[in-house]
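Bear in mind that the values in this text are calculations on the coordinates, not laboratory data. This one's a predicted model, so the numbers in the text were calculated from it and none came from an experiment. Heads up, the Cβs are rebuilt from the backbone with ideal geometry, glycines too, and the neighbour counts pull from every protein chain shown.
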Amino acid sequence: MPLSNRFNLENYILIDSFNAESDHTIKIEINKEVFFEGKFIKNKEHRIKKIAYIDYAQPGLNTIEIKWNGDKECANKFMKIQKIIVNDQRIHPWCARIKPVSNDYIKNLLSTKEGSIFYRKKIVNPGCEQGWYGTYTYKFLIDKHRIRNSKQISLIASTGIKLDDIYTDPMRSVTRKANKK
């Protein structure tokens, strides 16, 4: 008999954002379900601090997507992904997979060799502070030791990408309890 609420885990996300010249939006989805959606006014720093329980239903691969967009581009803007915590365990905010919104700046950047090198470096190693509108995707595993679907395990292993591991039993985690300040 399955344990009730076994995969009903607390999620905590902390993001700061700013755009000097334009209103902007941030939408956070967990496994394609809206976790948070907000519109923010220009020339003011905003803080998103969202805590809620999500039922992940079963062990396996999960996704958090942060979608950032605005009315217009400007050089003086940022989105700082400060913390992503699931079940008191940290998902590293600098491990995003980025898909920037295609705009004149990105097109001009990709038109030169130096720009293309910078673009690839930023896509692969973005850090925590972002300056490009786009989608920031985080993939993580819940209770990977309990995944029974061998096809899913093979697909995950074949990518060669190390994913953050989240355990329903935090005592299994090798890291300390994440700080939610």
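Numbers at a glance
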read-out: Hz values of 3J(HN,Hα) by residue in segment 84-96 - Karplus curve (6.51, -1.76, 1.60), Gly and Pro given as x; value: 10, 10, 10, 6, 6, 10, 6, 9, 5, x, 8, 9, 7
read-out: Distance in nm between pseudo-label sites at Ser102 and Cys74 (7 Å out along the Cβ direction from Cα); value: 2.7
read-out: Viscosity 1.002 mPa s, 20 °C: Kirkwood-radius Stokes-Einstein D of segment 74-120 over Cα pairs, µm²/s; value: 162
read-out: Qualifying trypsin sites (Lys or Arg not before Pro) for segment 35-131 [loop in DSSP, other Cβ within 10 Å: at most 13]; value: Lys44, Lys72
read-out: Nonlocal amide H pairs with Gln89, under 5 Å, H built at 1.01 Å; value: Ala178
read-out: Potential extension, Phe118-Glu10 segment - 0.36 nm per residue separation minus Cα distance; value: 35.3 nm
read-out: ³J(HN,Hα), Karplus 6.51/-1.76/1.60, whole Hz, each residue of segment 116-121, x for Gly, Pro; value: 5, 5, 4, 4, 4, 4
read-out: Three-way shape call for segment 8-169 based on the alpha-carbon gyration tensor, with the a/c threshold at 1.5; value: oblate
read-out: Out-of-range pairs (alpha-carbon distance over 30 Å; input Lys107/Lys144; Lys42/Lys180; Lys39/Lys139); value: Lys107/Lys144
